[in-house]
């Protein structure tokens, strides 16, 4: 299933944003990111502008991938939770379903216990949406798409234009 | 694995530069970083050792512009080339959309090139991909070296599926953009087919 694309529609995207927006408030976090295991940012809530979100997504995915590798080396399936404690800010990273990573950045206005509690609840909800997305992708790959992809008509000229030719 | 977001109208694609140690993978993306419009490029992240050898990966996000009303963004990654970092290389291939194999043209590095392609095939397979069908571009780097092998000779040894083959001198920027463009073309055409 390596080549099953992650396709996100408006309604799912809205739901994901709602959940992480709520998590950010409930956990008194600074920022919450939802990242894909391949390093792409899916959604974000909170003071997002203060952080280079693209680099954060890529490094988080690298971190999780490396930790996954470590887990397998010692015979574990995965480590579902990573916690990095800083002087002011802390990073709580957890796995959601098969392909999501939830990143919560928080300071002294919150606590690890509160973050863990809220993340647990949000993870369940997020997982359900990921499952829906996956199920739809699977259905479409099995039995033809219900929508016409806008990319079916990409031309050489479109690609040349990307490179300013 | 391309990430298509219909809500924010974005397509994100992951391109991985692969090849033996010191073949010029990092040099390729450093050159792209230096040349790119600062508004279109993100931060170049390099997880390297103190001697500037890639330890885990380099990462450069690039906004390419619009296609069919969608913002196209490429995430460029390099792998560590040194043989003993194989576990890391495997991880970085996860969810990739296209491979750029950077071959070192020097005669003495031909065996390392061949070994690296074989290693790529194995690692792709472990990630559920097939080296014979994934978007794939071959770059012949270091064409300016006196000890560079002749192009037909390298082609005979390294080209195996009629993939686009581009001659380059990455530290001078020669062939760097052409290589990226060939990869982008393949990936977007793949999207078209799917």
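The values are calculated or read from the model by the stated rules, or taken from the named source; none is laboratory data. Note that the coordinates shown come from a computational prediction; the quantities given were computed from them, not determined experimentally. So basically every Cβ, Gly included, is an ideal-geometry build from the backbone, and we count neighbours across all protein chains shown.
Listed conditions (1) out of contact with any helix residue (DSSP H, G or I) (no Cβ under 9 Å at 6 or more places or on another chain); (2) within 14 Å of chain A (Cβ to nearest Cβ); (3) over 24 Å from residue B:87 (Cα atoms); (4) at pLDDT 95 or above are all met by residue B:180, apart from (1). Of all residues in the stretch B:124-144, those being more than 15 Å from residue B:15 (Cβ to Cβ) and in a helix (DSSP H, G or I) number 2.
Number of residues in the stretch B:23-51 that are assigned to a loop (DSSP other than H, G, I, E, B) and in contact with a helix residue (DSSP H, G or I) (Cβ under 8 Å, 6 or more places away or on another chain) equals 5. Applying the set (1) within 14 Å of another protein chain (Cβ to nearest Cβ); (2) outside any strand (DSSP E or B) to residue A:22 leaves exactly one unmet item: (1). Only one of the numbered conditions (1) within 14 Å of chain A (Cβ to nearest Cβ); (2) surrounded by fewer than 22 Cβ atoms within 10 Å (Cβ to Cβ); (3) under 17 Å from the mean Cα position of the chain (by Cα); (4) assigned to a helix (DSSP H, G or I) is violated by residue B:121, and that is (1).
Within the stretch B:44-89, being on the phi > 0 side of the Ramachandran plot and within 11 Å of chain A (Cβ to nearest Cβ) holds for B:65, B:68, B:69. Here is a check on your reading of the model: is residue A:12 surrounded by 17 or more Cβ atoms within 10 Å (Cβ to Cβ) and more than 27 Å from residue B:77 (Cα to Cα)? Yes; evaluated as a whole, the condition is true for this residue.
Where residues in the stretch B:158-182 are on the phi > 0 side of the Ramachandran plot and in contact (Cβ under 8 Å) with a residue 24 or more places away in the chain, which of them is surrounded by the most Cβ atoms within 10 Å (Cβ to Cβ)?
B:175
Among the residues of the stretch B:58-107, those that are under 19 Å from residue B:142 (Cα atoms), touching a helix residue (DSSP H, G or I) at 6+ places or on another chain (Cβ under 7 Å) and not in a strand (DSSP E or B) comprise B:79, B:80, B:81, B:105. Apart from one condition, residue A:68 fits all of (1) within 14 Å of another protein chain (Cβ to nearest Cβ); (2) more than 15 Å from the chain's Cα centre (by Cα); (3) assigned to a helix (DSSP H, G or I); (4) surrounded by fewer than 18 Cβ atoms within 10 Å (Cβ to Cβ); the exception is (4).
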